[in-house]
Amino acid sequence: MSEAQQGWAFRRAGPGDVAVIAAITDAAYSMYVPRLGRQPQPMTADYTQIVVEHPVWLLTAAGAPAGVLVLMREPEALLIYSVALEPRYQGRGLGRELLAWAEHEARAAGYARIRLFTNALMHENIARYNHLGYRETHREPFHELTIVHFAKAVAPRASEEG
């Protein structure tokens, strides 16, 4: 089924989308504030600058903004800096769609690997990423917390090989 048939679609975000990006990010990550004792890093990011410097994608569901995917190009991998879904759209498989889109973008850009990170206290994210084929590469201290890094190979699809 195509994106249009599903009722959702991706579009590249621009400077006019910064308020929507911040609102979706804040809504998605706010549940972690009590657990972490502070706002998660994506809630404090400067999206005005990020939208100009990095690929940011909006996922719309029935025309309404539902999710945000922030990607950052690195020399060896495409980094998923943030993946966020408006809470009312969670539990519908759209988070998997955002991650699949990131993998598609990594392959299209010629990367063999994609990576992401999460806080060790975000247990549900760790389980989700493991389930989707991401493998923990290392952990590092960050302020008084621990960041868990993941990576996944994104080999070209058979139809993309030449």
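For the range 10-26, indicate whether the set of residues that are part of a helix (DSSP H, G or I), modelled with pLDDT under 95, open to solvent by 20 Å² or more (accessible area, probe 1.4 Å) and closer than 13 Å to residue 83 by Cα is non-empty. No: zero hits.
For the range 42-85, filtering for residues that are modelled with pLDDT under 95 and hydroxyl-bearing (Ser, Thr, Tyr) leaves 1.
For the range 121-135, give me each residue that is exposed (fewer than 15 other Cβ atoms within 10 Å of the Cβ) and in a loop (DSSP other than H, G, I, E, B).
At the first step, the residues of the range 121-135 found to be exposed (fewer than 15 other Cβ atoms within 10 Å of the Cβ) are 123-124, 127, 130-133, 135.
Within the range 121-135, 132, 133 qualify.
Mind listing whichever residues of the range 98-118 are open to solvent by 30 Å² or more (accessible area, probe 1.4 Å) and either polar (S, T, N, Q) or part of a strand (DSSP E or B) (or both)? Passing the criteria: 113, 115, 117.
Suppose we keep only residues that are of a type outside the set (A, V, I, L, M, F, W, C) and at pLDDT below 95 within the range 147-159. Which one would you say is surrounded by the most Cβ atoms within 10 Å (Cβ to Cβ)? Spell out the reasoning first.
Our first condition is that a residue be of a type outside the set (A, V, I, L, M, F, W, C); within the range 147-159, this holds for 149, 152, 156-157, 159.
With the extra rule that they be at pLDDT below 95, the set shrinks to 156-157, 159.
Working: 156: 12, 157: 10, 159: 6.
Here the answer is 156.
Among the conditions (1) open to solvent by 40 Å² or more (accessible area, probe 1.4 Å); (2) touching a strand residue (DSSP E or B) at 6+ places or on another chain (Cβ under 8 Å), residue 57 misses just one, which is (1). Within the range 62-76, the set of residues being surrounded by 19 or more Cβ atoms within 10 Å (Cβ to Cβ) and either without any contact (Cβ under 8 Å) to a residue 12 or more places away in the chain or out of contact with any Leu (no Cβ under 7 Å at 6 or more places or on another chain) (or both) comprises just one member, 70.
The values are calculated or read from the model by the stated rules, or taken from the named source; none is laboratory data. Just so it is clear, the structure is predicted and the values come from calculations on it, not from any experiment. When we count neighbours, we look across all protein chains shown, and the Cβ atoms used for this are built from the backbone with ideal geometry, even at glycine. Keep in mind that these areas ignore ligands, DNA and RNA; they rest on the heavy atoms of the full protein, side chains included. Shrake-Rupley method; radii C 1.70, N 1.55, O 1.52, S 1.80 Å.
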